[in-house]
1. What pairs come out if I take residues in segment 220-239 that are open to solvent by 30 Å² or more (accessible area, probe 1.4 Å) and pair them with residues that are basic (Lys, Arg) and away from the ligand (no atom under 16 Å from the Cβ) whose C-beta lies under 9 Å away, six or more apart or interchain?
2. Can you report the number of residues in segment 248-267 which are in contact (Cβ under 8 Å) with a residue 40 or more places away in the chain and open to solvent by less than 40 Å² (accessible area, probe 1.4 Å)?
3. Can you pull out the residues in segment 174-197 that are buried (at least 22 other Cβ atoms within 10 Å of the Cβ) and either among the acidic types (Asp, Glu) or away from the ligand (no atom under 16 Å from the Cβ) (or both)?
4. Can you name every residue in segment 245-276 that is of a type outside the set (Val, Ile, Thr) and assigned to a loop (DSSP other than H, G, I, E, B)?
5. Within segment 93-116, identify whether any single residue is open to solvent by less than 40 Å² (accessible area, probe 1.4 Å), more than 16 Å from the ligand (Cβ to nearest atom) and among the basic types (Lys, Arg), and answer yes or no.
6. Only residues that are closer than 23 Å to residue 140 by Cα and more than 15 Å from the chain's Cα centre (by Cα): list them for segment 70-97, please.
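The values are calculated or read from the model by the stated rules, or taken from the named source; none is laboratory data. Because the structure is predicted, anything quoted here is derived from the model rather than measured. Reconstructed Cβ throughout: ideal geometry from the backbone, glycine too, with neighbour counts over all protein chains shown. We work out accessible area using only protein heavy atoms, side chains counted, and drop any ligands, DNA or RNA first. Shrake-Rupley method; radii C 1.70, N 1.55, O 1.52, S 1.80 Å.
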Amino acid sequence: MDLSKMSIEEKTQYWFNNPWTLAHHPFKVIDNVYFVGTNWVSVFLLNTEEGLVLIDCAMQETLYLLIDSIRALGFNPHDIKKLLLTHGHFDHCGAARAIQEMSGCEIWIGEAEEFFFTERRDLIVYEDRVPEFEITNFYDYDAKIDLGDIHIQPVHCPGHTPGTTSLFFDVKHMGKTLTCGIHGGLGVGVLTKKQLEKSGQPLSRREEYLESIVKVMDKKVDVVLPSHPSHCVDHDFLKIGDEDDGTGKGFINREAWHNMLISKKLEIEQMIQDDI
Ligand SMILES: [Zn+2]
């Protein structure tokens, strides 16, 4: 099946019906940080002193792949203590209910996203495929999430959605401290004039997106954890995962964060300028 000529809507429909085509085998990124996502949407598993933490959980349709990936790495999905969501779109939170049913985990999200789950479920997109779940915590942007050996700093990055949240944390890897960064939402497809008007959202979302990029663009990040593998512009994230020799060498790239955000900055500036 050649997906390259399909629209994102057509592709998504194909993926709903053929979720196995999204399978990607799991791998360690650096010590205590694992990729357990699909070839379209990332999910990261952190093994912390406070238990297992999942960052996003992808679609309900790919839940079986996620469970399989977690188990393949030797972890028990029932032990997940926290699920940290970057934002409330179906491709990042579709499996949240099932994960919460299984593990009883906390579910964290940006407070500005709450109305997606109360008043505007249509903004989740394909909301019928996202069973309701209990949001237990909102991010406190002035505090770190204390996981014992790992402390996660959430940063509000509105734009892609109002509550998009980026996460930054240090990890000890082979005797060194490395800073990991995950930008919570970089897709600009939802920010076209047509899309925003259709969903009844203000055009100012685009300026918010731009401001959010500028806010975190110059952060010192050693390891980019892309919320979609395709967002990395410096390297092929999944290919590095396939080829890595266990040292995580290929993932340590101090330019990659900046370059990824610069490419998105140019994209949104062009959209604003062309008024599309
Ligand atoms: Zn999204």
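1. Close Cβ pairs satisfying both conditions: 220/254.
2. Summing the residues that are in contact (Cβ under 8 Å) with a residue 40 or more places away in the chain and open to solvent by less than 40 Å² (accessible area, probe 1.4 Å) in segment 248-267 gives 6.
3. 180, 181
4. 245, 246, 248, 253, 254, 255, 275
5. Checked segment 93-116: no residue is open to solvent by less than 40 Å² (accessible area, probe 1.4 Å), more than 16 Å from the ligand (Cβ to nearest atom) and among the basic types (Lys, Arg).
6. Result: 80, 81, 97.
Listed here are the residues, each with its yes/no results for (1) of a type in the set (A, V, I, L, M, F, W, C); (2) out of contact with any Leu (no Cβ under 7 Å at 6 or more places or on another chain).
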| site | (1), (2) |
| --- | --- |
| 167 | yes, no |
| 172 | no, yes |
| 187 | no, yes |
| 197 | no, yes |
| 207 | no, yes |
| 210 | yes, yes |
| 213 | yes, no |
